[in-house]
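Each remark here refers to the structure printed beneath this line.
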Amino acid sequence: MSKIKHNPAKEIQNLQFFGEFGGVNPSISDSATYTFLKAKTMLDTFEGNADGCYLYSRHTSPSNHYLSMALAKMENTESANVAGSGMGAITPVILQLAHAGDHIVSSRTIYGGTYAFLKNWVPKFNIETSFVDITDLEKVEAAIQPNTTMIYAETLSNPLLELADVEGLSKIAKKHGVKLVIDNTFTPLIFTPANLGADIVIHSLTKFINGTNDTVGGVICGSHEFITDLKSVNDGSSMLLGPVMDSLRSAQVLKNLRTLPIRMIQHSKNAQYLAEHLSKDGVKIKYPSLKSHPQHELYTKMMHPEFGYGGMITLDLKTGKMATEFMERLQDKNVGYLAVSLGFYKTLFNAPGKGTSSEVPEAEQAAMGLSDGLIRMSIGLDFDITDTYRKMKETLNEIGYFETYLQHN
Ligand code: PLP
């Protein structure tokens, strides 16, 4: 859809960072504070005017700077700033853009923690949020008020896999002079929201980008001006709230980022295989490559096609009881783990209604189509996906899914 020539995987391929002693990986900065040869340079750094100098690791460390630069390249933004977790990226962005008396328009299907922050936490500072169906651009525009400062959405939403039309949202945001903030956690490389008009792009690095589920992490990608503002020693939300990432961790995430392109291709290939076969079997499944996905065409237009339709699928097993039985049996058969989170080399599954989206009240869950039986699956890097499919089908048979819901099968 976008005319911009930018391939996020090539940007990763072209990164060239050397270590202090000629190492093939950048050296890890093992310091919380940094010396200056001249006091004047320290002052300039305080004021954000001394590029290449480091002040204090809550502000930036060399290791965090390398990872931030790499992610800015991937997301095609001028700059970026990594954080200690996805929420450590999301909350400073919201607090930097919205002040007391302001209003936010947010997608109603977003990660439960973000939802809870907008619904329960920011009202303490007199910031109100209208939650809307993000797939309905008319409703989004109608929700904008004179005091709205941002539109917030996930490219592909957690857990319902609804797609935000980033280009359409960007037109609305620009028309009303508000910022468009996009959480791209579910679809790194597949979408480049900045190319479609997003002002700020966020990731929980905890998921696909790191891929090994051994740390939490986050990043904010945006203009040089916005990232400098976030790090301002006087009023920068990242600097003052302090959700900083540790250098050892950022060095590790940077190494894992190098394999993200091949991992995303494999996650997508496996998820597509399962989605196609299980949907043919009659299982109620949602996956963006399927024509039954309400935004299949938009997704296809927006995506970088080489990375596929992503690693996330949802299955609706109708009741919480059936979903629980299915997941426990899958874990027993070592198909994956009953666990929250996603983007891991093993398949992970959970029922978000009572888990990662439990912050969303039941009535609202029902309104957005989040049933107790909905299972969110993050499909792993399985070498033999045919065996995984066989086990899933066998388990659905064992728990009586086909018997109960598809008399013919
Ligand atoms: N954004 C999305 C889409 C998520 O799924 C999550 C966590 O599940 C987050 C943000 C929060 O990230 P973290 O857990 O790294 O703080």
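Derivation of every value follows stated rules applied to the coordinates shown; laboratory data play no part. As the structure is a prediction and not an experimental result, all values here were calculated from the model. Here the Cβ positions follow ideal geometry from the backbone for every residue, glycine too, while neighbour counts run over all protein chains shown.
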What length, rounded to one decimal in nm, is gained on full extension from residue 371 through to residue 391, with 0.36 nm per residue of separation minus their alpha-carbon distance?
-> 4.8 nm
Show the residues, 5+ positions off or on another chain, whose built amide H is closer than 5 Å to the amide H of residue 80.
-> 222
Which ³J(HN,Hα) values in Hz, rounded to whole numbers, follow from the phi angles of the stretch 172-179 under the Karplus curve 6.51 cos²θ - 1.76 cosθ + 1.60, where θ = phi - 60° and Gly and Pro get x?
-> 5, 4, 5, 4, 9, x, 10, 8
Which GluC sites (Glu not before Pro) in the stretch 301-330 pass both tests, a DSSP loop state and at most 12 other beta-carbon atoms within 10 Å?
-> none
In Hz, Karplus ³J(HN,Hα) per residue of the stretch 279-293 (6.51, -1.76, 1.60; θ = phi - 60°; x = Gly, Pro) = 5, 5, 6, x, 6, 6, 10, 10, 7, x, 7, 7, 4, 6, 6
HN-Hα couplings for the stretch 137-148 via Karplus (6.51, -1.76, 1.60; θ = phi - 60°), in whole Hz with x for Gly/Pro, come out as 4, 5, 5, 4, 5, 5, 7, 6, 10, x, 9, 6
Given a cut-off of under 8 Å on Cα pairs at least six residues apart, what relative contact order in percent is computed for the stretch 261-406?
-> 28 percent
The stretch 1-27 scanned against label point 7 Å out from residue 297 along Cα→C-beta; backbone N under 18 Å for 1-2
Build a GNM of the chain with springs between Cα atoms under 10 Å: which of 336, 211, 168 gets the top mean-square fluctuation?
-> 168
Cα centroid of the stretch 177-198 to Cα centroid of the stretch 13-35, whole Å | 29 Å
Under 5 Å between amide H atoms, partner at least 5 residues away or on a different chain: which partners does residue 180 have, H built in plane at 1.01 Å?
-> 151, 199, 200
Sorted by chain and then number, the residues having a modelled amide H within less than 5 Å of the amide H of residue 219, at least 5 places away or on another chain, are 83, 203, 205
Suppose every K and R has +1 on its Cβ and every D and E has -1 on its Cβ; what is the size of the dipole of the stretch 259-409 about the Cα centre, in Debye to the nearest 20?
-> 260 debye
Zone of residue 246's modelled label, taken as backbone nitrogen in the stretch 1-39 under 20 Å from a point 7 Å along Cα→Cβ | 26-34
Take the chain, connect every pair of alpha-carbon atoms lying under 10 Å apart with a spring to form a Gaussian network, then pick out the residue of 305, 261, 243 with the largest mean-square fluctuation.
-> 305
Please give the peptides 31-39, 215-223 ranked by average Cβ packing (other Cβ atoms within 10 Å per residue), highest first, as a rough proxy for protection.
-> 215-223, 31-39
Centroid-to-centroid separation of the stretch 70-96 and the stretch 261-275 [C-alpha atoms, Å] = 26 Å
Could you work out how far the C-alpha centroid of the stretch 288-332 sits from that of the stretch 353-385, in angstrom?
-> 10 Å
